[in-house]
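What follows is calculated from the coordinates using simple rules that are stated; it is not laboratory data. Treat the numbers as computed from the prediction; the structure is a model and nothing was measured. Note that we place each Cβ from the backbone using ideal geometry, even for glycine, and neighbour counts take in every protein chain shown.
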Protein chains: 2
Amino acid sequence: MARKPNIVILGAGYAGMITATRLNKELDANEANVTLVNKHDYHYQTTWLHEPAAGTLHPEKTRMKISDVLNMSKVNFVQDEVVEVKREEKKVALKGKGDIDYDYLVIGLGAVPETFGVPGVFEHAFSKWTVDGVRQIKDHIEYQFAKYNNEEEPDDSSLTFIVAGAGFTGIEFIGELSERVPELCQEYDIPRNKVKMYVIEAAPTALPGFDPELVEYGMNLLENRGVEFKINTPISEVTSEGVVLKSGEEIKAGTVVWATGVRGNPVIEKSGFEAMRGRVKVEKDLRAPEHDDVFIIGDCALIINEEINRPYPPTAQIAMQQAAVVAKNLKALIKDDALHEFTPEIKGTVASLGGKEAIGVVGNKKLYGNSANFMKKMIDNRYLFLLGGPALVLKKGKNPF
Amino acid sequence: MARKPNIVILGAGYAGMITATRLNKELDANEANVTLVNKHDYHYQTTWLHEPAAGTLHPEKTRMKISDVLNMSKVNFVQDEVVEVKREEKKVALKGKGDIDYDYLVIGLGAVPETFGVPGVFEHAFSKWTVDGVRQIKDHIEYQFAKYNNEEEPDDSSLTFIVAGAGFTGIEFIGELSERVPELCQEYDIPRNKVKMYVIEAAPTALPGFDPELVEYGMNLLENRGVEFKINTPISEVTSEGVVLKSGEEIKAGTVVWATGVRGNPVIEKSGFEAMRGRVKVEKDLRAPEHDDVFIIGDCALIINEEINRPYPPTAQIAMQQAAVVAKNLKALIKDDALHEFTPEIKGTVASLGGKEAIGVVGNKKLYGNSANFMKKMIDNRYLFLLGGPALVLKKGKNPF
């Protein structure tokens, strides 16, 4: 009998988790060794993080222990940080545990914040959309409120909140925050008019690529909650006092949240893959060019939408679809079958706006308010169902009613 | 008919609230105008504040709107800050609303932190035992935990907590905090051994004046939860990095909570009353010496315990007893009757240690653990009962079972 091949999956995000789950179904235990490497022993829902960041959902709701979700008799889990992929040697260098060998590698390492070279982001803004990161955003926000009434001469800018970026993350975050601000004002005895919220976006529109009618609906709704939009307004620097705009104008703020988008994981470039902003333009079968044994999916993969000749945005939806194809292709490689091509199927996109509000497109249908909110929650629950069946939906799911 | 006298009560703490409540019972509406002046429109339970400070009780549980508790048809409530008592003119200068006249004045303005001249307390330590102040302590503590895992190279001293002072406030606060630390560690994924807690006390014992056997019980219990005591250890400075001890040793800490005791309100000295640490040695009838029209009670009043020739500590228990006597004496003044003398009656003293633990003396009986905890909660509820009857106990009370 031939040696069982080692399949190594890097990262336990949407891409890695669904790959592992699907592999368990595609392959028998005697057909391959499956190893999953992740920094933490938990998986979390990146697309939900705007909620715990604003304090409208407990962070525990967004994460789950990997061992509670995956069948640990079929997956070897290694908790460690990936340093580099040694492609020639077919090894992955880990920070703590040294090198591990692979026959087939799946890179699903996720993204890091994109600063576009703006100085001061890492020093003065909150940019980490992780469980650790959003807990800090939430507690920082609450501390701004708690501090205010204790100051001899309160500085009103400490209650100014700037969100840099009007993409999905920025809009969904300000949606939650604007919904929570009245509660925070009441909790901490702060007059509502002391709190200011800005969304600053360099591009000529909020939610670029989204239906303009829905964007307008969303912006109006957020403006009615007191959010001020500055569109077409590049930021030139983040400082300890707030942001400086390209126009020279300075906006003082106690909190700057950075949500201008992401780039692929630095491990990609460090490992010598040809990449644009950390993302590798993968083949139709999702392998890295000139690599028969390395699949790259999720935030580190670049796939062009040929209809508009622009990359698909890195979404959970696409990552999960890629993971399903990769699981099939790993099976095909082992069985020496033909590989499948990946075609994204965009079923819909819904952005929540806090409270019971959302906007979205599902199929050709535009959705607003309650019905969009319902769809958003159903989408969130569908993922849990794919990952862990009805038990996981009951445990961590959202009630859409 | 003679002009109705103006009775003005300054401060809505234990002293002022009970004075107002009792006056409502002692006097008819046509016998006097009663005015209560307070900075906030709410009353709060100073003796409970160690709980919201550590985050083991919601701060709303410790406060109540004055208008929800007092009969506002019998009390004229003025929300303002007291600047000074103009004794000669029989006026009180308010920050916002100018002067108000009194015929009889009750000063129950409470206390401010005592620094004993240690530099850096107000700049670098948390010293405000108020609703605003403890919300900031709680949110600061949580932020220390939230920040830790996001640092490239976490500084362990950010998870060191120093409590300066092993009196009632310091011990009760560290009791709550030490009870909560394991929860915080779990919530924020922090190994328990990263967290350090110190109680630093200049005096030769914790809880001076308390039964030594109970003190030992309490210290052992807290040490078992990881608290390190440094007794007989004066602090010479608080810095942005922690504290410097008189020995020269430095202890780095992300949080220093100041609880070394209090002094009387600065308004006392500003108004020209003869005082020691802001406290006026009042007459037996609780009037200020040489003032027929000014009562001083609560934290601004100094009364000597002649048995040991030392002042009684400023407690809620004594403030409430004083308030009852002052209400009677105001009636006596108006009716031209003889005034009553005040004699403190110490019914018992219980210090909570967090969770279901406490130590105390009630009558001649020493209490530990559950039974002391039961007594503590009964004492807390008894005050609510005196203030607002059974409805207030049900709304804001503590379940001792």
Fewest to most neighbouring Cβ within 10 Å: what's the order for B:100, A:251, B:171?
B:100, A:251, B:171
Over the alpha carbons of the protein assembly as shown, what is the largest minus smallest coordinate on each principal axis, giving the biggest first in Å?
107, 58, 47
Could you tell me the calculated FRET efficiency between residue B:345 and residue A:347, based on Cβ-Cβ distance and R0 = 45 angstrom, to the nearest 0.05?
0.05
Using the Karplus curve 6.51 cos²θ - 1.76 cosθ + 1.60 with θ = phi - 60°, work out ³J(HN,Hα) for each residue of region A:234-242 in order, rounded to whole Hz, and write x for Gly and Pro.
x, 9, 9, 6, 9, 10, 5, 9, x
Cα gyration tensor shape for region A:308-401, rounded if a/c is under 1.5, else prolate or oblate
oblate
Which shape class applies to region B:43-146: rounded if a/c is under 1.5, otherwise prolate when a/b exceeds b/c and oblate if not, where a ≥ b ≥ c are the square roots of the Cα gyration tensor eigenvalues?
oblate
Can you give the translational diffusion coefficient of region A:121-258 in µm²/s, computed by Stokes-Einstein from the Kirkwood radius over Cα pairs at 10 °C and 1.306 mPa s?
104 µm²/s
Given the options A:11, A:209, A:388, which has the most mean-square fluctuation in a GNM of chain A, springs set between C-alpha atoms less than 10 angstrom apart?
A:209
Between A:265, A:329, A:309, find the one with the highest GNM mean-square fluctuation for chain A; connect C-alpha pairs within less than 10 Å.
A:309
So how far apart, in nm, are the two label points at residue B:194 and residue A:228 if each is 7 Å from Cα heading toward Cβ?
3.8 nm
Could you pull out every residue, at least 5 positions away or on a different chain, whose amide H is within less than 5 Å of the one on residue B:94? Hs are placed 1.01 Å off N in the peptide plane, and Pro or chain starts have none.
B:83, B:99, B:100
7 Å along Cα→Cβ for the label point: how many nanometres lie between residue A:306 and each equivalent label in the other copies, listed shortest first?
10.3
If r is the Cβ-Cβ distance from residue B:365 to residue A:332 and R0 is 60 Å, what FRET efficiency results, to the nearest 0.05?
0.15
Given only helices, namely DSSP H runs of n ≥ 4 each adding -39500 (n - 2.57), what is the per-residue ellipticity at 222 nm of chain A, to the nearest 500 deg cm²/dmol?
-10500 deg cm²/dmol
Between A:80, A:299, A:156, find the one with the highest GNM mean-square fluctuation for chain A; connect C-alpha pairs within less than 10 Å.
A:156
For region B:263-269, in order, what is each residue's ³J(HN,Hα) by Karplus, 6.51 cos²θ - 1.76 cosθ + 1.60 with θ = phi - 60°, in whole Hz (x at glycine and Pro)?
10, x, 4, x, 4, 4, 6
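Scanning chain B for helices, which whole DSSP H stretches are 20 Å or more long along the axis (Cα) and average -1.0 or more by Kyte-Doolittle?
Numbers: long enough: B:131-148 (26 Å, -0.78); B:168-187 (28 Å, -0.03); B:316-335 (28 Å, 0.60); B:369-396 (29 Å, 0.06).
Those that pass (Cα extent of 20 Å or more, hydropathy at least -1.0) are B:131-148, B:168-187, B:316-335, B:369-396.
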Nearest the rotation axis from A to B, which residue of chain A has its beta carbon, and at what whole-angstrom distance?
A:143, 3
Where the label is 7 Å out from Cα toward Cβ, how close does residue B:97 come to the same position in every other copy, in nm, shortest first?
6.9
Amide H of residue B:190 versus every other amide H placed in the peptide plane: which residues, excluding those fewer than 5 positions away on the same chain, fall under 5 Å?
none
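Looking at the protein assembly as shown, what % of its DSSP beta bridges pair antiparallel, to the nearest 5? Let's see the in-between values first.
Details: 68 of 132 bridges.
Bridges in the protein assembly as shown are about 50 percent antiparallel.
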Label spacing, shortest first and in nm, from residue A:30 to its equivalents in the remaining copies (7 angstrom along Cα→Cβ):
10.4
Under the rule of at least 5 residues apart or a separate chain, name every residue whose amide H is placed under 5 Å from the amide H of residue A:255.
A:160, A:162
Could you calculate the contour length gain from residue A:385 to residue A:306, that is, 0.36 nm times the residue separation minus the distance between their Cα atoms, to one decimal place in nm?
25.3 nm
Quick shape summary for chain A, equivalent ellipsoid via Cα gyration tensor, semi-axes whole Å in descending order, reads 38, 22, 21
Explain nothing, just compute: Karplus ³J(HN,Hα) = 6.51 cos²θ - 1.76 cosθ + 1.60, θ = phi - 60°, for every residue of region A:273-283 in order, whole Hz, x for Gly and Pro.
6, 6, 8, 10, 6, x, 10, 9, 6, 7, 6
